[in-house]
Every structure is written in structure tokens, then in C-alpha cells.
Amino acid sequence: MRSWNSITLGEVLPFKYGKNLPASKRTHSGEYDVVSSAGIIDSHDTAFTTEPCIVIGRKGSIGSLTYCPDPVWPTDTTFYVTGTPYCDLRFGYYVLQTLPLNQMNNDSAVPGLNRNDAESLAFSLPPVSEQKAIAKVLGSLDDKIAGNNKMIRIILELQKSIWIQNNVNNLSQTHLINIAEPILGGTPKRSDNSLWDGDILWASVADMTSVSNSHLLTTLEQITEKAAKTKRFAPLPTGSVLLSARGTVGHVISLATPAAFNQSAYGFIAPKGYETALRLAIEGTVEELKSKSYGSVFSTITKQQINECLIPDVFNESFAELHAKLNSLETRIVIAEHENQTLARTRDELLPLLMSGKITVRDAGEASAEVGVDKHEVKE
């Protein structure tokens with residue numbers, strides 16, 4: 001590696017402790033994010049840090065990383081680091097992604113990330129000018145993802161606004177089961193290796209709740225075509241809607257690609273052309289279903305409770321204009337979600353290569369240009 005020096009985290013990015021800020025003391029409407037090991041959880045009218053930083057999960061989601069371009073309040077479940085003259089902050093963010101922080105759960109008193117152990121991790125540090133160049137090429141990909149996510153959130157709100165403006169809640173209603181029957185998912189036999197590690201997405205509630213924009217594209221686990229031949233494990237088509245029904249109940253997502261799912265969720269195959277409206281209609285039943293859920297250990301929504309749900313009766317040609325507007329916006333969301341998937345894949349492939357010095361910034365810039373990032377933004 002061209003004049004790269006081996007150095008420890010503690011030498012250039014010393015870890016600092018976050019500070020407790022109970023919910024009762026937060027303003028909830030301030031300009032500064034409150035960041036825990038789970039990410040941004042609230043807002044407050046003052047910040048604890050005075051400059052941009054990276055917040056690192058210390059308890060809970062150990063080793064999680066949140067890049068904060070503005071001052072924030074890191075809670076006491078976190079560490080945070082700021083940039084130094086020797087290490088560009090955004091470059092440090094990508095360095096931290098290459099280190100096994102999430103595997104260092106060895107605080108003996110209470111499970112968590114030990115600061116001394118983390119600060120002793122070594123990595124190769126290039127000159128600051130090269131750090132900035134590497135951070136720029138990787139950051140250009142993350143910035144485009146962030147821009148797409150912002151657009152998606154705006155479109156989702158616009159869809160909801162259109163739904164409300166059409167006064168759907170005051171229209172005649174029909175039972176949800178008349179539009180789409182709830183389908184319970186399932187889990188293939190874990191001991192049968194021929195059913196797992198295939199090419200078919202298989203969603204758990206954890207996958208559903210990790211989706212940031214209401215559309216599922218990836219899952220932690222996949223099943224094989226052999227497993228999918230069993231009806232209960234068969235994938236539902238793109239545009240279908242999933243509703244979490246056990247544990248974390250009431251989470252609603254659309255499938256941006258075909259996927260199977262486990263028994264903690266119900267799936268609904270939308271009539272063609274009514275996919276977006278079905279998601280919005282099911283979202284409108286969530287509070288009612290949550291109030292009816294039961295269970296001493298895990299909250300549960302039953303099929304009977306779903307069958308009793310009423311939704312606006314807009315699933316016909318009389319509301320063609322409404323569906324055309326919703327579906328046009330939905331197409332933009334799905335395109336952006338798929339682009340984000342490609343951008344993230346490219347970033348994840350380039351990250352270890354850049355950090356190890358195996359490719360140059362110029363090479364990485366060419367790769368970024370192939371997925372839509374202006375290569376003039378990432379010149380070496």
C-alpha cells in the first residue's frame with residue numbers, strides 16, 4: 001500500500017462516551033438528533049457534541065454505526081468519535097465498517113463493547129489527502145442512496161395525502177377478506193439443508209421491521225425452489241403486502257420483489273392494479289388490529305381478527321383515477337429502491353478494496369459511474 005501506516009483506532013479516533021438523556025427530558029421537537037445504539041430515536045433542543053461525529057453502539061446493537069454530519073446527542077448506550085487532523089471523519093466511518101466491532105461483545109460486567117478492546121484494533125491509514133478521496137468516492141454512493149431515500153419518504157407521504165384527500169374513510173366499506181385473503185407464512189424444516197440457502201427471499205419479522213421505506217427487497221435468509229414447492233413456503237408476487245402478526249405486530253410492507261415469509265406474518269396478494277391501495281388500506285387497519293391483539297409473551301393478531309377488518313371499498317373501476325395516481329408514484333418508489341440496492345452493492349464491493357489499497361480511487365470512480373454516480377465527483 002502506497003505509504004500507508006499501520007495504526008490503532010485509539011491513536012487517531014479515540015472513543016468518547018455518550019451521555020444519558022431520558023425521554024422525559026427530551027424536547028422531542030428540537031433541531032438536534034438523539035442517537036442511541038439503535039440509530040436516531042428522537043430529537044432535542046441542544047446537542048451534546050459540538051461537531052460532526054460517528055456514533056457507535058456500546059450496549060444493545062453493539063458496533064452499530066451512525067454517521068452524523070451535524071452535532072447530535074449520543075446517548076449513554078453509545079460511544080462517539082470525531083475527526084482529527086490525522087483521520088478524516090468520513091474516512092473513519094468507512095474504516096469502522098471494516099472492523100469487527102459487532103463481534104466484540106466481551107464487556108465482562110454487562111454485555112457490551114469494551115472501549116479499550118475497540119481502540120486497540122489496528123488498520124492501515126493512508127495520507128489525509130487519500131483518505132478524503134476514498135471517503136468521497138464511497139460517500140458519493142451513500143449520498144445518492146440518501147437522496148433516493150428522502151425522495152421515497154416524500155412520495156410515501158404524498159400517497160397517504162392522496163388517499164386521505166379522496167375521503168376514502170367516509171366511503172362505503174368492505175371486509176378486507178373480500179379483496180385479499182390473508183395467507184399465513186411458514187418456516188421450512190431447519191434440519192433439511194436442501195430447503196435453505198437458495199435464491200428465493202424468505203422474510204422474517206426482523207426483515208420486515210428493518211425495512212426503512214415500506215418496500216422489501218432483501219432478506220437475511222433465502223430458501224430453495226424445493227422448499228417453495230410447499231404451498232405455505234411459496235413466494236408471493238411483487239406488489240403483495242405483508243402484515244406482521246406476532247411479536248412486533250402491525251408492521252406493513254409491500255414486496256418489491258417476490259418473497260416467501262414466516263409464520264409470524266400474513267401475506268395478501270393484491271388484485272392487479274390495486275397493489276398500492278391495498279397497502280394503504282391495510283395500514284389503516286393497524287391500530288384496530290393492535291387493540292385486538294393478545295398474548296402474555298408475544299402479541300398476536302389472528303386470522304379471524306383480520307377477516308373482521310373493514311376497508312374502504314375503492315377496489316373497482318370507479319376509482320381508476322385514484323389508482324393511477326397511486327401506482328404512478330409507486331413505480332417511482334420501486335425504481336429508486338432497486339437503484340439503492342445496486343448502489344449499496346457497489347459500495348460494499350468497493351469498500352474493502354479501497355481500504356486495502358487493492359484498487360485506486362480512479363478505478364473506484366469508474367465503477368461508481370457505471371451505477372449512475374458522476375465520476376467527476378470522485379476524481380483522484
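Note on segment 38-94: residues that are farther than 22 Å from Lys25 by Cα and among the basic types (Lys, Arg) total 1.
Would you check which residues across segment 65-82 are touching a Cys at 6+ places or on another chain (Cβ under 8 Å) and within 16 Å of Glu119 (Cβ to Cβ) and list them? Scanning segment 65-82 gives Tyr80, Val81, Thr82. Entry remark, segment 194-227: residues being buried (at least 18 other Cβ atoms within 10 Å of the Cβ) and over 26 Å from the mean Cα position of the chain (by Cα) number 2 in total.
Listed here are the residues, each with its yes/no results for (1) of a type in the set (Gly, Ala, Ser); (2) farther than 20 Å from Thr8 by Cβ.
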residue: Ser64; (1), (2): yes, yes
residue: Phe91; (1), (2): no, no
residue: Leu96; (1), (2): no, no
residue: Pro111; (1), (2): no, yes
residue: Val128; (1), (2): no, no
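When residues in segment 22-63 are screened for being among the basic types (Lys, Arg) and either within 21 Å of Thr82 (Cβ to Cβ) or outside the structural domain of Leu101 (by TED's automatic domain parsing) (or both), 2 of them pass.
Quick one: would you say Tyr80 is within 19 Å of the chain's Cα centre (by Cα) and modelled with pLDDT of 95 or more? Judged against the criteria, Tyr80 is not a match.
Pick from Ser191, Ser172: which is surrounded by fewer than 16 Cβ atoms within 10 Å (Cβ to Cβ), touching an Asp or Glu at 6+ places or on another chain (Cβ under 6 Å) and not basic (Lys, Arg)? Explain how you work it out, then say what you get.
On the way: Ser191 fails: touching an Asp or Glu at 6+ places or on another chain (Cβ under 6 Å).
Result: Ser172 is the single residue among Ser191, Ser172 that is surrounded by fewer than 16 Cβ atoms within 10 Å (Cβ to Cβ), touching an Asp or Glu at 6+ places or on another chain (Cβ under 6 Å) and not basic (Lys, Arg).
Against the list (1) farther than 27 Å from Ala344 by Cβ; (2) touching a strand residue (DSSP E or B) at 6+ places or on another chain (Cβ under 9 Å), the condition Ser37 fails is (1). Of everything in segment 91-114, what is touching a Lys or Arg at 6+ places or on another chain (Cβ under 8 Å) and crowded, with 17+ Cβ neighbours inside 10 Å? Give them in sequence order. Within segment 91-114, Phe91, Gly112, Leu113 meet the criteria.
This table checks each residue for (1) within 21 Å of the chain's Cα centre (by Cα); (2) modelled with pLDDT of 95 or more.
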{"residue": "Ala324", "(1), (2)": "no, yes"}
{"residue": "Asn327", "(1), (2)": "no, yes"}
{"residue": "Glu330", "(1), (2)": "yes, yes"}
{"residue": "Leu353", "(1), (2)": "no, no"}
{"residue": "Lys358", "(1), (2)": "no, no"}
{"residue": "Ala364", "(1), (2)": "no, no"}
{"residue": "Ser368", "(1), (2)": "no, no"}
{"residue": "His376", "(1), (2)": "no, no"}
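Given the structure, is Gly185 of a type outside the set (Ser, Thr, Tyr), touching a Ser or Thr at 6+ places or on another chain (Cβ under 8 Å) and under 25 Å from Gln305 (Cβ atoms)? Criteria met by Gly185. Residues of segment 234-269 that are within 15 Å of Pro182 (Cβ to Cβ), part of a loop (DSSP other than H, G, I, E, B) and of a type in the set (S, T, N, Q): Ser240, Asn262, Gln263, Ser264.
With respect to the conditions (1) assigned to a loop (DSSP other than H, G, I, E, B); (2) more than 10 Å from Thr78 (Cβ to Cβ), Ser6 falls short on a single one, namely (1). Taken together, Ala364, Ala320, Ala344 contain a single residue that is in a helix (DSSP H, G or I), outside the structural domain of Leu216 (by TED's automatic domain parsing), of a type in the set (A, V, I, L, M, F, W, C) and surrounded by fewer than 13 Cβ atoms within 10 Å (Cβ to Cβ), which is Ala320. Take the residues in segment 28-66 that are outside any strand (DSSP E or B) and within 18 Å of the chain's Cα centre (by Cα); name whichever of them is surrounded by the most Cβ atoms within 10 Å (Cβ to Cβ). Checked segment 28-66; the qualifying residue surrounded by the most Cβ atoms within 10 Å (Cβ to Cβ) is Ser37.
The values are calculated or read from the model by the stated rules, or taken from the named source; none is laboratory data. All values reported here derive from a predicted model rather than from experimental measurement. Note that each Cβ is placed from the backbone with ideal geometry, even for glycine, and that neighbours are counted across all protein chains shown.
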